[in-house]
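Each remark here refers to the structure printed beneath this line.
The values are calculated or read from the model by the stated rules, or taken from the named source; none is laboratory data. Being a predicted model, the structure only gives us computed values, none of them experimental. Cβ placement follows ideal geometry from the backbone for every residue including glycine, while neighbour counts extend to all protein chains displayed. Just the protein is used for accessible areas: all its heavy atoms, side chains included, with ligands, DNA and RNA removed. Shrake-Rupley method; radii C 1.70, N 1.55, O 1.52, S 1.80 Å.
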Amino acid sequence: MGTNPRGLRMIAEQLRPRGIVDERILAAMAELPREEFVAREHRRLAYADHPIAIGRGQTISQPLVVAAMTQAVAPGPEDLALEVGTGSGYQAAVLARLCRRVVGVERDAELATRGAAILARLGIANAEIHHADGSLGWPSAAPYDVIVVSAAAVQVPASLVDQLAEGGRMVMPVAHSQDRPQDLLLLRKRQGRLETMTLFPVLFVPLLEGTAD
Ligand code: SAH
């Protein structure tokens, strides 16, 4: 994967001017071919400054949102990361460039299969996607240094907090009710206690219980 002109333009026009300063994240996002994660008819828009439909009623997040969530959890090269709601697989691919290993969980069977196929096609071998209810996390690989939740709920699921390592960081959109505005929260576990910071308002699809075929 080399740098691509559309990726570089996205970095210069959308990410750097809006506070994304982590060079590892900027490099990862400049290199990853975002067009691989969207349907053929949306390829023209793949680097645009907004979310794009990926089918099954879901979207690939706006580049800035992916970058800001990633920057908030400060992924390190030795880190184990969990993503809940992998959708297209793009956020998982970004994390895979920055972490040792990424465990992804997606409730929709078709998206889980498609996401895993894209990662394989791009040769990203340190990320896996499981078809399961991610609100329960993925306990067998826990604890995680980094958790990114890409769907919104009224509260942070207790299983995810349990699976966050000491010193770990988690980002998740939370709204007081499903039809209220969502805030992106950053949670850090320090000496067994959870510190919570509100980052900025976001708009994500809901975190649903159970799985879909
Ligand atoms: N990060 C994605 C965007 C995800 S959209 C990307 O980069 O493209 C949110 C995804 O969360 C959807 O695919 C939806 O199916 C999934 N989702 C919702 N509730 C879930 C749950 N309980 N467990 C796992 N995935 C869930």
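Hey, can you tell me all the residues within region 123-145 that are open to solvent by less than 50 Å² (accessible area, probe 1.4 Å) and within 14 Å of the ligand (Cβ to nearest atom)?
Within region 123-145, ILE124, ALA127, ILE129, HIS130, ALA132, ASP133, GLY134, SER135, GLY137 meet the criteria.
What single numbered condition from (1) touching a Cys at 6+ places or on another chain (Cβ under 6 Å); (2) in a loop (DSSP other than H, G, I, E, B); (3) aliphatic (A, V, I, L, M) fails to hold for VAL21?
(1)
All but one of (1) within 16 Å of the ligand (Cβ to nearest atom); (2) on the phi < 0 side of the Ramachandran plot; (3) in contact (Cβ under 8 Å) with a residue 40 or more places away in the chain; (4) out of contact with any Cys (no Cβ under 8 Å at 6 or more places or on another chain) hold for VAL161, so report the exception by its number.
Failing condition for VAL161: (3).
I'd like to check something: does region 44-55 contain any residue that is within 14 Å of ILE118 (Cβ to Cβ) and modelled with pLDDT of 95 or more?
Within region 44-55 (the criterion being within 14 Å of ILE118 (Cβ to Cβ) and modelled with pLDDT of 95 or more), the answer is yes, since at least one residue qualifies.
Taking VAL149 as the residue in question, decide whether it is within 12 Å of the ligand (Cβ to nearest atom), open to solvent by 30 Å² or more (accessible area, probe 1.4 Å) and under 23 Å from ALA68 (Cα atoms).
no
Every residue in region 73-96 that is touching a residue at least 60 places away in the same chain (Cβ under 8 Å) and buried (at least 22 other Cβ atoms within 10 Å of the Cβ), please.
Of everything in region 73-96, those that are touching a residue at least 60 places away in the same chain (Cβ under 8 Å) and buried (at least 22 other Cβ atoms within 10 Å of the Cβ) turn out to be VAL73, PRO75, ALA81, LEU82, GLU83, VAL84, GLY85, THR86, GLY87, ALA93, VAL94.
Do we have any residue at all in region 63-75 that's within 9 Å of the ligand (Cβ to nearest atom) and part of a loop (DSSP other than H, G, I, E, B)?
The answer is no; no qualifying residue exists.
What are the residues in region 84-106 that are over 19 Å from ALA212 (Cβ atoms) and near the ligand (Cβ under 6 Å from one of its atoms), if any?
Within region 84-106, TYR90, GLN91 qualify.
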